[in-house]
There are 6 protein chains.
Amino acid sequence: MPYVNIKITREGATAEQKAELVKGVTYLLRDILGKDPQTTVVIIDEVETDNWGIGGETVTVRRARGQ
Amino acid sequence: MPYVNIKITREGATAEQKAELVKGVTYLLRDILGKDPQTTVVIIDEVETDNWGIGGETVTVRRARGQ
Amino acid sequence: MPYVNIKITREGATAEQKAELVKGVTYLLRDILGKDPQTTVVIIDEVETDNWGIGGETVTVRRARGQ
Amino acid sequence: MPYVNIKITREGATAEQKAELVKGVTYLLRDILGKDPQTTVVIIDEVETDNWGIGGETVTVRRARGQ
Amino acid sequence: MPYVNIKITREGATAEQKAELVKGVTYLLRDILGKDPQTTVVIIDEVETDNWGIGGETVTVRRARGQ
Amino acid sequence: MPYVNIKITREGATAEQKAELVKGVTYLLRDILGKDPQTTVVIIDEVETDNWGIGGETVTVRRARGQ
């Protein structure tokens, strides 16, 4: 029954990678806490780099500087 | 003053259905808890089926199998 | 399969009221969008009035002023 | 290490305004709570006006009425 | 730089299990998407069973019926 | 009408500091984006250090090592 929300920047994650992530997190919750995979929900949000800030700057600005 | 966030898969909910949902949830909070509708906020997120997982699989994969 | 998060101030909602809210929101999603109640998740967060702000003030301060 | 999520309606905020918001919130957390800007994360979600409700109505409907 | 929020019912997860979960999710994001573990944030919310609903009922009610 | 959620570790923020944070964020949104302070909601979550992970470890473990 767990609910997991993963936020990443929108930078080209493929459907296959997202499917792997869903599977991996679901089975981690089963293995560590005994949670039932059938009712584990995982939602992935892909966020534009203009809308994600770290260190007081947006990721767009950081990427432009080469970080 | 409540805040409600509803996440559903992006599969064709209309503006009218979303308006009904906003109204329904707002008045439920008034009827059950006496919350003021004027300051109740409801935000609906529509999530791509590639980005929603349940049972260790994405909804895209489940739909492809006919679930 | 919807996921709903409801945030209210912690001001004495009873277990019965919370159960009514869970039921009400779940069936609203079935009636308006045809969502399956069996996989609808509703999580209620009760937030201390010191930690909830509106109009630039915390609810604690507003309540002290009689609002 | 704080995490901040800001939700606004999608109504034309520019990349510059969003960058200012990221910077402003990050330094507010440093000034008030001594939090390290380097590890402060700020995520901005821009929400369609059909998907944002207040007062039991969507913002789309309110804007159409001139509110 | 990913941000992960895991919500589980408050039913006795230990500090060790939560530490394992943090580690597991962080390295999953590195292995699948190449994300830097140093800036991956994982927040676990433990939610009272009165405040978690599924199938139109709270978990408290389901547990009382033996589910 | 913005909604802001701030998550910090539970490490002694006072009611006064939280009130300052609510005020600061609310007026930042007014100054940068012209948002109405009266309908801006700010919710602060204070998270136990056992439940906050960064760099693959919980904050509890990092603090114990002196970080």
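With respect to the stated conditions, A:Gln38 fails to be of a type outside the set (D, E, K, R), touching a helix residue (DSSP H, G or I) at 6+ places or on another chain (Cβ under 8 Å) and open to solvent by 10 Å² or more (accessible area, probe 1.4 Å). Picking from residues in region C:24-67 that are touching a Gly at 6+ places or on another chain (Cβ under 7 Å) and assigned to a helix (DSSP H, G or I), the one that is nearest to F:Asn5 (Cα to Cα) is C:Thr26. Just to be sure before I move on: is F:Gln67 surrounded by fewer than 21 Cβ atoms within 10 Å (Cβ to Cβ), over 15 Å from the mean Cα position of the chain (by Cα) and not β-branched (Val, Ile, Thr) in the structure I sent? Spelling it out, F:Gln67 is indeed surrounded by fewer than 21 Cβ atoms within 10 Å (Cβ to Cβ), over 15 Å from the mean Cα position of the chain (by Cα) and not β-branched (Val, Ile, Thr). Within region F:1-9, is there a residue that is open to solvent by 10 Å² or more (accessible area, probe 1.4 Å), in contact with a helix residue (DSSP H, G or I) (Cβ under 7 Å, 6 or more places away or on another chain) and at pLDDT below 95? Checking region F:1-9: at least one residue is open to solvent by 10 Å² or more (accessible area, probe 1.4 Å), in contact with a helix residue (DSSP H, G or I) (Cβ under 7 Å, 6 or more places away or on another chain) and at pLDDT below 95.
The values are calculated or read from the model by the stated rules, or taken from the named source; none is laboratory data. Worth saying up front: this structure is predicted, and the values here are computed from it rather than measured. Cβ sites come from the backbone with ideal geometry, for glycine too, and all protein chains shown count toward neighbours. Side chains are part of the model used for accessible areas, which takes the heavy atoms of the whole protein and leaves out ligands, DNA and RNA. Shrake-Rupley method; radii C 1.70, N 1.55, O 1.52, S 1.80 Å.
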